[in-house]
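Taking it in order: structure first as structure tokens, then the write-up.
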Amino acid sequence: MKLADLLPMVKQEIEIAGLTADSRAVREGYLFAALPGSKEDGSKFIADALYHGAVAVLAKTGTPPAADVPVITDDNPRRAFALACAAFYGQQPGCIAAVTGTSGKTSTVSFAQQLWHLSGTKNCASLGTLGLRGPGMMKTGALTTPSAEKLMAELADLAAAGITHLAMEASSHGLDQYRLDGVRVSIAAYTNLSRDHLDYHADMDDYFAAKSRLFTDLLNPGGVAVIASDDAYVPRLIDICQAKKIKTLTVGKNARDIILKSRVAMPEGQQIDLEVMGTPYHLTLPLVGEFQVMNVLVALGIVIASGVDPARVVPMIQSLRGVPGRLQLVPGHPRGAAVYVDYAHKPAAVESVLTTLRPHTRGKLYCVIGCGGDRDPGKRPIMGKIASELADMTIITDDNPRTEHAEKIRAAMMSGISQTQKAKDIPGRREAIIWAVTALEAGDVLVIAGKGHEQGQIVGETVLPFDDVTEAKQAMENTKG
């Protein structure tokens, strides 16, 4: 492909064999994107990219020219690179739904993929934190939103494999860094917004602005916005959509299109009454928690917005399967207690999980929880406070300490817990899980929060094998003995 086909601002007819923002991945004939980063400026690696065969460079305005190859500069090289990647890889699934929000993205894209499949749209997939899921496809992923070149290559591969419908996560980092620009978004969905990533975003307004780019900048003309209506930021988002003349479909208790009329918790899930486009439905959902209902409703909105008949898809929510690490039940406690593993690692998510499990708890509600190192320190006492106020016993332990001292993180969490609350500080996540599982009696409920589906624990810069579900099962076996 010619350079002029990738970057319309240039006229050079140079043949481009590939493109990357990683100088280590440059091969002969590549376009190298020297992108500015939070830790390193890509312009420092231009010489290395040229040594490995780069024939053109994309960089920020003001970057000096190179001796032998064109250096194309742009005020927003990240966006220019994402659009170049989209042009280079070309194909994408015809219907792409992108889901943004603080919590619920992973479950929502999984539920949308399941509902498409259950209602007859077989060539469908989901992409995000859990990786790629689709017919005959299973690939784990490390980032909610991959780099632009990896994302566009993945979309092209999906289209070539016959995937027509894709539900994908859209993180605030990915949106803010223009990694999704070039994705042809047919449906933009919003779940909620609460405190998170304030080590990256300046404040909540900046965080919301990053999320709203999905609607203002990425959604195709004629696309549909699916919005969970029960959120403080929704009026601002609705105003944005109205100003852009975007068609909206709202879901939730205070919604216009898909309305949650009532919800009753049961041991095996919950009964819900819905009104969908004016038609009432009484259904049994095999998942626990109101927040899971909201995720299901956003997914339902996505599938309906894609053109599936509501009468066909609505009954299918009774056949949904839960997402690994999202209120995942770990069966087998010898005394009849219930143990759940959940990814909740943000204040609002922890509050939601504990509030969700309280109606299912006949005895005491336990919570094992920690906070990640090298991340927003302001939320640590908040997390400790929320957990201790909503659980009967809170066990503060290690999450992914990364390069911080684990005891410092635990101490910050403990500082938010009053002396009247029952809490223990147990170093070592395995030891904390063993203590909690051993303490459980019949009717008690334990949630091990923070890591969910993750298969490792980051200590320093090393990822050690660790899985909360496996640890809980092993602790139960030891309790039997």
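Worth a mention:
- For the range 456-464, the criterion of being within 20 Å of Tyr343 (Cα to Cα), touching a residue at least 40 places away in the same chain (Cβ under 8 Å) and of a type outside the set (A, V, I, L, M) is satisfied by at least one residue.
- Subset tally (residues that are over 38 Å from the mean Cα position of the chain (by Cα) and either exposed (fewer than 10 other Cβ atoms within 10 Å of the Cβ) or in a strand (DSSP E or B) (or both)) for the range 1-15: 1
- Just one residue in the set Gly131, Gly136 is open to solvent by 20 Å² or more (accessible area, probe 1.4 Å) and at positive phi; that residue is Gly136.
- Residue match in the range 75-96 (condition: over 30 Å from Lys11 (Cβ atoms), of a type in the set (A, V, I, L, M) and either under 17 Å from the mean Cα position of the chain (by Cα) or not in a loop (DSSP other than H, G, I, E, B) (or both)): yes
- The helices (runs of 4 or more DSSP H) found wholly in the range 104-218 and carrying at least 3 residues that are at pLDDT 90 or above occupy 105-118, 148-160, 204-213.
- Candidates Thr361, Thr403, Thr355 - the one that is within 22 Å of the chain's Cα centre (by Cα) and among the β-branched types (Val, Ile, Thr): Thr355
Residue-by-condition table, conditions (1) among the β-branched types (Val, Ile, Thr); (2) open to solvent by 60 Å² or more (accessible area, probe 1.4 Å); (3) without any contact (Cβ under 8 Å) to a residue 12 or more places away in the chain; (4) touching a Ser or Thr at 6+ places or on another chain (Cβ under 7 Å):
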position	(1), (2), (3), (4)
Val288	yes, no, no, yes
Phe291	no, no, no, yes
Leu297	no, no, no, no
Gly301	no, no, no, no
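- Scanning the range 408-439 for residues that are surrounded by 15 or more Cβ atoms within 10 Å (Cβ to Cβ) and basic (Lys, Arg) gives Arg410, Lys424, Arg429, Arg430.
- Test: residue in the range 409-425 that is of a type outside the set (A, V, I, L, M), in contact with an Asp or Glu (Cβ under 6 Å, 6 or more places away or on another chain), at positive phi and modelled with pLDDT of 95 or more: no
- Residue count, the range 323-337 (criterion: open to solvent by less than 20 Å² (accessible area, probe 1.4 Å) and touching a His at 6+ places or on another chain (Cβ under 9 Å)): 2
- Listed by first and then second residue, the pairs linking a residue in the range 256-276 that is within 13 Å of Val296 (Cβ to Cβ) to a residue that is open to solvent by 40 Å² or more (accessible area, probe 1.4 Å) and hydrophobic (A, V, I, L, M, F, W, C), with Cβ atoms under 7 Å apart and 6 or more places separating them unless they lie on different chains, are Gln270/Val264.
- Every residue from the range 246-270 that is at pLDDT below 95 and open to solvent by 50 Å² or more (accessible area, probe 1.4 Å): Asn254, Arg263, Val264, Pro267, Glu268
- In the range 440-471, the residues that are more than 16 Å from Lys364 (Cα to Cα), open to solvent by less than 20 Å² (accessible area, probe 1.4 Å) and outside any loop (DSSP other than H, G, I, E, B): Ala449, Gly456, Asp468, Val469
The values are calculated or read from the model by the stated rules, or taken from the named source; none is laboratory data. Keep in mind that what you see is a predicted model, and the values were worked out from it rather than measured. Positions of Cβ are generated from backbone atoms using ideal geometry, with glycine treated the same way; all protein chains shown enter the neighbour counts. In case anyone asks, the SASA skips ligands and DNA or RNA and just uses the protein heavy atoms, side chains included. Shrake-Rupley method; radii C 1.70, N 1.55, O 1.52, S 1.80 Å.
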